[in-house]
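Q: First the structure, which I've put down as structure tokens, then a few questions once you've had a look.
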């Protein structure tokens, strides 16, 4: 494949990966949007349960699944191929998102969200690694940045869907649609030439999961893997413990007679749109000022926007949308620059495993943090205080990026 010309196959790969990422973002976000209704209905016959705590448990289960799936499918991608990993992960998250709509008890929903998380975590690793290796070098960072708009576009679409469809069950049923995408991708995509050239598909070069992780954490790669995990972990904690709870924060401004469905949907739409802009700009900014400075800029922006949003609003006004938009932009920028940066740190034979580890090791801390969000919300006096508390994790990510290596202009290692 030409190293300089963008061909029809490049475009086909990009579209396939983008659609997978879009459905990924959509299925991830549905729970945040329908959570008040779904949890309320499922525990209505169990009056002793705390709705916030149950919601925290379900979200934590999802993140544990995401963490496990990201690491597992990273190893599958290095061992069996990028396309196989991508197809299987899409099918997994589509299937179990749809089945979540059949939940009869809150723990059913927790199990289905855990299994959905397996596929979502794996698919983001797969599409990033695959496109990084297939796309032409001169515009690879820009292509990956635009690819990550797919996840945020899914957030945007989830906002529209949940705004129009009152039934939380039908929202999840719609989330099964990506399963049909695997049929198209299976017929049109072929494995990365870089992966083939690395020989990882041959029995004599195959790695077990332990060997792959051992290579990632060897002295040669350990520093990059840990810094990547800490930096992305800061985004994960800030995102899932603050931004993902914005629908509940908004609902607190309204009464039970007017639960704020339209406002919650609008907030997701604004957040998703601005995050798409942030993702799309990541490649251009990082090619101009470097990867490290872009990471630090994005995380500092996330913290500043969080402080503005949660410290200055005591009633719901149109200003909330503007501030959610600012936070969405920096979230998108931070997310995309990490997906651009991490594949540049590791050689082909362990790239997917290393990216999966770096993107998901910090998710363990995130899942534990989210598990206690309900308790923390109560103890800190509301969603705003709790969200701002967790937004402090963005500063940890800024510090981690300060010690990272710069990769701009160096290309993917072989």
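The values are calculated or read from the model by the stated rules, or taken from the named source; none is laboratory data. Keep in mind that what you see is a predicted model, and the values were worked out from it rather than measured. Note that we place each Cβ from the backbone using ideal geometry, even for glycine, and neighbour counts take in every protein chain shown.
Q: Only one residue in 121, 74, 101 is within 18 Å of residue 349 (Cβ to Cβ) and in contact (Cβ under 8 Å) with a residue 24 or more places away in the chain, so which one is that?
A: Result of the check over 121, 74, 101: 74.
Q: Going by what's in this entry, would residue 404 be described as within 29 Å of residue 342 (Cα to Cα), surrounded by 15 or more Cβ atoms within 10 Å (Cβ to Cβ) and within 21 Å of the chain's Cα centre (by Cα)?
A: no
Q: Please go through segment 10-54 and pick out each residue that is modelled with pLDDT under 85, closer than 22 Å to residue 379 by Cα and in a helix (DSSP H, G or I).
A: Hits for segment 10-54 are 32, 35, 36, 51, 52, 53.
Q: Based on what the data block shows, is residue 12 in contact (Cβ under 8 Å) with a residue 24 or more places away in the chain and over 18 Å from the mean Cα position of the chain (by Cα)?
A: In short, yes.
Q: Quick check on segment 311-324: of everything there that is in contact (Cβ under 8 Å) with a residue 60 or more places away in the chain and in contact with a helix residue (DSSP H, G or I) (Cβ under 8 Å, 6 or more places away or on another chain), which residue is surrounded by the most Cβ atoms within 10 Å (Cβ to Cβ)?
A: 324
Q: Out of (1) more than 25 Å from residue 282 (Cα to Cα); (2) touching a residue at least 60 places away in the same chain (Cβ under 8 Å); (3) assigned to a helix (DSSP H, G or I), what's the single condition that is false for residue 65?
A: Every listed condition holds for residue 65 apart from (2).
Q: A further question on this structure: Pick out the one residue from 137, 133, 204 that is on the phi < 0 side of the Ramachandran plot, surrounded by fewer than 19 Cβ atoms within 10 Å (Cβ to Cβ) and at pLDDT 85 or above.
A: Result: 137 is the single residue among 137, 133, 204 that is on the phi < 0 side of the Ramachandran plot, surrounded by fewer than 19 Cβ atoms within 10 Å (Cβ to Cβ) and at pLDDT 85 or above.
Q: Here's a follow-up. Name the one entry in 264, 292 that is on the phi < 0 side of the Ramachandran plot and at pLDDT 80 or above.
A: 292
Q: For residue 328, state whether it is closer than 21 Å to residue 413 by Cβ, in contact (Cβ under 8 Å) with a residue 60 or more places away in the chain and either assigned to a helix (DSSP H, G or I) or touching a strand residue (DSSP E or B) at 6+ places or on another chain (Cβ under 7 Å) (or both).
A: No.
Q: When both residues are 6+ apart or on different chains and their Cβ atoms are under 6 Å apart, which pairs have a first residue that lies in segment 389-412 and is farther than 23 Å from residue 140 by Cα, and a second that is in a loop (DSSP other than H, G, I, E, B)?
A: Close Cβ pairs satisfying both conditions: 390/242; 391/242.
Q: If you don't mind, another one. Output the number of the condition that residue 379 fails; it satisfies all remaining conditions of (1) outside any loop (DSSP other than H, G, I, E, B); (2) touching a helix residue (DSSP H, G or I) at 6+ places or on another chain (Cβ under 7 Å).
A: Of the numbered conditions (1) outside any loop (DSSP other than H, G, I, E, B); (2) touching a helix residue (DSSP H, G or I) at 6+ places or on another chain (Cβ under 7 Å), the odd one out for residue 379 is (2).
Q: What is the residue count in segment 147-175 for residues that are surrounded by fewer than 21 Cβ atoms within 10 Å (Cβ to Cβ) and within 26 Å of residue 352 (Cα to Cα)?
A: Of the residues in segment 147-175, 0 are surrounded by fewer than 21 Cβ atoms within 10 Å (Cβ to Cβ) and within 26 Å of residue 352 (Cα to Cα).
Q: Take segment 41-58 and flag every residue that is closer than 11 Å to residue 105 by Cα and surrounded by fewer than 20 Cβ atoms within 10 Å (Cβ to Cβ).
A: 41, 43, 44, 45, 46
Q: Then there's this: When segment 325-366 is examined, which residues are found to be surrounded by fewer than 24 Cβ atoms within 10 Å (Cβ to Cβ) and modelled with pLDDT under 90?
A: 348, 349, 361, 364, 365
Q: Considering every residue within segment 272-280, establish whether at least one is at pLDDT 90 or above, over 22 Å from residue 408 (Cα atoms), within 21 Å of the chain's Cα centre (by Cα) and in a helix (DSSP H, G or I).
A: Taking every residue of segment 272-280 in turn, at least one turns out to be at pLDDT 90 or above, over 22 Å from residue 408 (Cα atoms), within 21 Å of the chain's Cα centre (by Cα) and in a helix (DSSP H, G or I).
Q: Here is a further query. Just one of (1) closer than 26 Å to residue 120 by Cα; (2) touching a helix residue (DSSP H, G or I) at 6+ places or on another chain (Cβ under 7 Å) trips up residue 347, so point out which.
A: If we test residue 347 against (1) closer than 26 Å to residue 120 by Cα; (2) touching a helix residue (DSSP H, G or I) at 6+ places or on another chain (Cβ under 7 Å), just (2) comes out false.
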